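The values are calculated or read from the model by the stated rules, or taken from the named source; none is laboratory data. It should be emphasised that the depicted structure is a prediction, and the values quoted were computed from it without experimental measurement. All Cβ positions, glycine included, derive from the backbone under ideal geometry; neighbour counts span all protein chains shown. Side chains are part of the model used for accessible areas, which takes the heavy atoms of the whole protein and leaves out ligands, DNA and RNA. Shrake-Rupley method; radii C 1.70, N 1.55, O 1.52, S 1.80 Å.
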Amino acid sequence: MFLLAATPLNAQQDSLRMDSVEISLLTCQPHDEIYSLYGHTAIRYHDLRKGGLDIAFNYGVFDYHKPLFALRFVFGLTDYELGAYPFRLFLEEYRRFGSMVTEQVLNLTAEEKMALQQALAVNMQNENRIYRYNYFYSNCTTKARDIIEQSIQGKVNYEKREGYSPSHREMIHEMTQNNPWSAFGNDLLLGILADQPTDQRQQEFLPYHLMYDFDHASIYQDGKFRPLVKERRQPLPAGVQLVKSGFPLSPLACGIILVALALGLFFLQVRNKCIYRWWDALLMVTVGTFGIILFLMLFSQHPTVSLNLQILLLNPLPWFFLWKVVRRRPTRYWSITAILCVLFLIGGLFQHYAEGIWSLALCLLLQCYLHLKHRWA
């Protein structure tokens, strides 16, 4: 409890003490680790007096070693917490990754600094420091923004960004343009609500959007305006970032290869007047496995994943028909699948699908054609 150690004496002494305190918003450049692809935000409390505290308050502390961490994250059941540690250690972490750290010194009055100090101290108490994390609506950036705003006595006015209303998906694509498989995973799980336009406040879930808005914001109090940010610094310049080599093929390239394979097998089956049951089974297992994941996402607490039109293609249905298909018994699976594939393609007019996922729909449609042709022959 770093800040609770500073016991107030009286209003005048408190005001004089807070004159030597700077409180800043810290914005950290993304690096190659998957949890940092979108950057990071923290708050710095710096007492400039000799021996004064210099602490970074970080709402992004989590323990990925906890049981079922990834599963809980997907279902919106992840708990993050507020951590506080020396600013030099905070910088050292980002120095190792070569990430730039930008500091915006806030233009706060002594009373506002005291209010923010006490709010952080309350948040650091054991019963308050843990919160339910939501990537779009309650993350390390929005939590920092909210506690700063709540401590300001006036009203914070943000300069409007006219003509800029990207969807959550579009903003994620900006941050994952060099990580196509991360973008693929996000697009696979995100539903149609992630394609809706966002307002300026919703856009502030990304650290660099909040940093931009703080730079252009002002505080209105007692008929006067003052800038929210007093000074901007770079306590840590950008360094050399080491980029890990990932899977050499993009999702789009894999999709093209899959289509080429499906077309080759299609023509072989037509020429030989047969149907490859092993290919049927492989497609059904693939679709059914991903389908279980999308079906379970219907129960996630993330509001942007509950309505996902990709479930028309990727659903658990194949598991109910797999045995009959493999045993060459009559089944309506291919008729149902053909209808669902067509609906899936129509749904692409309303929702952005994961890159290359259309190739799986084409593979299924080709097999549907063969089975229906064989049945009607």
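Residues checked against (1) outside any helix (DSSP H, G or I); (2) open to solvent by less than 50 Å² (accessible area, probe 1.4 Å):
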{"site": "GLY239", "(1), (2)": "yes, yes"}
{"site": "GLY255", "(1), (2)": "no, yes"}
{"site": "ALA260", "(1), (2)": "no, no"}
{"site": "ILE293", "(1), (2)": "no, no"}
{"site": "TRP319", "(1), (2)": "no, no"}
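Given the options THR286, THR337, THR304, name the one that is closer than 30 Å to TYR133 by Cβ and among the β-branched types (Val, Ile, Thr).
Criteria check complete, one pass: THR304.
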Counting only residues that are open to solvent by less than 70 Å² (accessible area, probe 1.4 Å), over 16 Å from GLY255 (Cα atoms) and under 28 Å from the mean Cα position of the chain (by Cα), how many does the stretch 349-368 have?
-> 1
ILE219 passes all but one of (1) open to solvent by less than 30 Å² (accessible area, probe 1.4 Å); (2) part of a helix (DSSP H, G or I); (3) among the aliphatic types (A, V, I, L, M); which number fails?
-> (2)
Residue check: is LEU345 surrounded by 15 or more Cβ atoms within 10 Å (Cβ to Cβ), of a type in the set (A, V, I, L, M) and touching a residue at least 40 places away in the same chain (Cβ under 8 Å)?
-> no
In the stretch 229-246, residue farthest from GLU93 (Cα to Cα) [restricted to those that are hydrophobic (A, V, I, L, M, F, W, C) and modelled with pLDDT of 80 or more] | VAL229
Scope the stretch 241-253; condition of a type outside the set (Gly, Ala, Ser), out of contact with any Phe, Trp or Tyr (no Cβ under 7 Å at 6 or more places or on another chain) and open to solvent by 90 Å² or more (accessible area, probe 1.4 Å); matching residues | LEU242, VAL243, LYS244, PRO248
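Out of curiosity, is ILE172 farther than 30 Å from VAL243 by Cα and either open to solvent by less than 40 Å² (accessible area, probe 1.4 Å) or not aliphatic (A, V, I, L, M) (or both)?
The answer is no for ILE172.
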Restricting the search to the stretch 295-317, which residues are open to solvent by less than 40 Å² (accessible area, probe 1.4 Å) and of a type in the set (Val, Ile, Thr)?
-> THR304, VAL305
All but one of (1) open to solvent by 50 Å² or more (accessible area, probe 1.4 Å); (2) closer than 28 Å to TYR35 by Cβ; (3) in contact (Cβ under 8 Å) with a residue 12 or more places away in the chain; (4) aliphatic (A, V, I, L, M) hold for VAL285, so report the exception by its number.
-> (2)
